[in-house]
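See below for the structure under consideration.
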Amino acid sequence: MVKNDFNYILIVSASIVFLTLLLVYGRIELTMLSFLPMVISWIWILGIAAILDIKFNFVNVVITTFIFGLGDDFSIFVTDGLLNKYKTGKDTLKSYQSAIILSALTTIVGTGVLIFAKHPAIHSIALISVLGIVCILFISFIFQPVLFGFFVQNRISRKKAPVTLLPFLLSISSFTYFLLGCLFLHSKLVTILLLPVSKKRKKAMINRSLSFYAKTVIYSGPHVKKNISGLENLDMEKPVIFIANHTSFLDILLAIMLNPKIVLMVKGWVYNSPFFGPIIRYAGYIYTDDGTEENLRKMQALVADGYSLLIFPEGTRSEDGKPARFHKGAFHLAEELNLDIQPLLLHGAFDVLPKGDFLIRPGALNVRVLPRIKYAEAKWGTLLRDKTKNISAFYKTEFADYKNEMEDVSYLKHKIFTNYIFKGPVLEWYFRIKWQLESKNYAYYNTLTGDRKRILDIGCGYGFLSFYLHYKNEERIITGIDYDEEKITIAKHSYNKTVNLNFQFEDIMRITITGHEVIFLNDVLHYLSKEKQFNLLEKCTAALDKNGILFIRDGITDLTEKHENTKRTEALSTGLFSFNKKEEEFHFFSSNDIRTFAKSHNLSFEMQQHSNNTSNVLFILRKNI
């Protein structure tokens with residue numbers, strides 16, 4: 001009866017703890033990280049108790065509940081320590097672990113002395129307490145950090161997104177489907193080999209199966225969008241050499257799913273794979289290490305049978321997602337086989353499944369088939385070296401344009417969001433709301449910014465706009481400044497950025513700024529007094545290069561009714577929700593104040609409505625001298 005009561009208490013306590021953790025962390029992944037150690041440690045405790053024949057009694061139930069409570073605290077402390085390092089870069093885990101050890105030792109000493117008691121019930125209390133604390137310590141100090149490192153910390157150190165539950169489960173599903181499909185194709189290959197038809201027809205049958213199967217794998221992930229364009233440029237009646245950039249294993253599937261008449265030149269790890277090696281070998285895929293003469297002979301036979309060859313001119317998968325240097329092989333083969341070249345632009349696979357990763361992230365897989373390049377045309381050059389160089393340059397220009405087209409605000413939303421995953425439920429919620437309100441504005445800012453490279457984002461907050469402009473063009477040198485140290489710390493320790501994006505905790509009134517082509521003052525000026533506002537505008541104007549742009553987005557007093565909404569939302573953001581900090585009273589201004597300032601400093605003036613519900617407008621001031 002006592003054991004049943006204990007099980008009931010344990011289940012109720014565990015349920016309450018789980019729901020509380022879910023409410024606090026707002027993420028099922030962090031809840032499980034904190035909760036699983038408790039579950040595992042209690043499985044160990046119950047197992048060891050059974051092995052040692054420790055009987056449960058009323059007092060044991062009370063003590064074990066107390067131990068369970070300590071386990072809760074230890075798991076939460078370790079999770080908080082791990083999260084703090086992830087969010088801010090500060091390693092506070094050791095401090096938490098020291099406190100845990102002291103608490104554990106106190107408990108062990110306090111209850112462990114009872115092990116010398118002669119009464120079996122009191123003796124069992126000591127055993128349960130000591131066993132429970134030791135198990136919890138081991139799980140908290142070993143299991144939790146290893147688990148968090150595998151799914152989060154070690155990944156971000158390699159610029160890979162933290163693992164979240166749904167993509168993880170979908171990835172397992174897709175990979176399982178892929179492996180089962182390979183086994184099915186093996187059995188189908190055996191069946192096809194037994195058919196009384198020509199080898200040519202057998203090869204066509206297995207290539208059709210490969211192409212269909214590749215397409216089903218690509219479409220097996222519902223969290224990944226697919227966008228295929230330019231199919232009207234495909235003419236498989238006349239063989240061609242396809243060239244494509246290579247960033248992911250998915251590139252292979254994206255290429256062969258386009259048409260069964262496409263075969264690839266592959267490296268050893270693909271050609272000799274136990275999963276799909278036998279299938280692609282029979283399908284006629286070319287092994288790079290077979291040698292030039294042997295491969296040329298095989299390709300001539302393939303072309304004679306109406307097949308086209310796809311080659312990745314880079315030779316290997318890109319480490320950063322950008323097209324690398326093209327080798328001459330594909331262009332040499334085009335010359336030897338007297339074939340045209342047709343570029344395939346593969347975009348998105350690097351963000352969905354980069355080299356060396358197992359997580360299929362949310363995103364989009366984009367493929368564009370470009371028109372054929374007449375290899376013999378004089379404009380590409382006469383020498384192999386010139387053709388390689390000129391076609392490579394053409395391909396990279398087309399890919400850059402395609403990348404810019406595909407990476408709109410919808411595409412970049414998740415890429416930016418992954419920098420804030422596990423950094424708090426309020427921040428994740430705030431990002432989603434802010435993105436919904438601002439994403440179109442970000443796209444507009446990017447269009448006006450154009451090729452300007454040196455950008456200053458004053459009052460950047462968590463850095464949403466800075467990240468967007470950074471991902472749209474990583475050559476931009478962007479500095480985000482804010483006087484909220486917590487926001488800057490979180491933005492600074494985001495995993496996916498280059499050295500060209502920096503965040504600084506500064507008081508903009510005290511630092512010197514020079515040499516910028518674009519400066520943003522979004523919702524900043526009304527936090528300053530009138531004198532500070534114009535001092536800051538003076539400073540920004542002086543720092544702006546010729547043809548530079550100063551963006552000012554703020555609420556204006558001209559729009560009387562809407563302005564009341566602006567004041568209410570700002571009061572909420574600094575008061576109840578505490579998203580923003582303020583040090584003095586708000587001071588809003590009129591459009592005429594900015595117009596007068598622009599005129600006195602020889603800046604062109606443009607004002608645009610920026611909100612239907614508030615008095616926010618956008619001022620665009622350009623420095624033309």
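Laid out as a table, the results:
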item	result
Per DSSP, loop GluC sites (Glu not before Pro) in segment 550-625 with at most 11 further Cβ within 10 Å	GLU583, GLU584, GLU585
Of LYS199/LYS261; LYS225/LYS403; LYS440/LYS472; LYS160/LYS226; LYS159/LYS492; LYS159/LYS497, pairs whose Cα-Cα distance is over 19 Å	LYS160/LYS226
Qualifying trypsin sites (Lys or Arg not before Pro) for segment 68-97 [loop in DSSP, other Cβ within 10 Å: at most 14]	LYS90
Options [x] 39; [y] 43; [z] 25 - which one matches percent of Cα pairs over 46 Å apart as calculated here	[x]
Distance in nm between pseudo-label sites at ASN227 and LYS94 (7 Å out along the Cβ direction from Cα)	4.8
Two-site label geometry, LYS379 and VAL134: point separation in nm, points 7 Å out along Cα→Cβ	7.9
Segment 466-505, accessible surface, carbon-and-sulfur percent (1.4 angstrom probe)	45
With every protein chain in place, segment 182-268: carbon and sulfur % of accessible area (1.4 Å)	62
Residue-normalised accessible area of the chain, given per residue in Å² at a 1.4 Å probe	47
Neighbourhood charge, 9 Å Cβ-Cβ cut-off, centred on ARG452 and excluding it, Lys, Arg +1 and Asp, Glu -1	0
Label-point separation, ILE28 to GLN436 (7 Å along Cα→Cβ), nm	2.1
Length-normalised contact order of the chain in % [C-alpha pairs under 8 Å, at least 6 apart]	9
Mean residue ellipticity (222 nm) of the chain, computed from DSSP H runs ≥ 4 via -39,500 (n - 2.57), nearest 500	-17000 deg cm²/dmol
Antiparallel DSSP beta bridges within the chain, percent to nearest 5	35
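The values are calculated or read from the model by the stated rules, or taken from the named source; none is laboratory data. Predicted, not measured: the structure shown is a model, and the values here were computed from it. Cβ sites come from the backbone with ideal geometry, for glycine too, and all protein chains shown count toward neighbours. Keep in mind that these areas ignore ligands, DNA and RNA; they rest on the heavy atoms of the full protein, side chains included. Shrake-Rupley method; radii C 1.70, N 1.55, O 1.52, S 1.80 Å.
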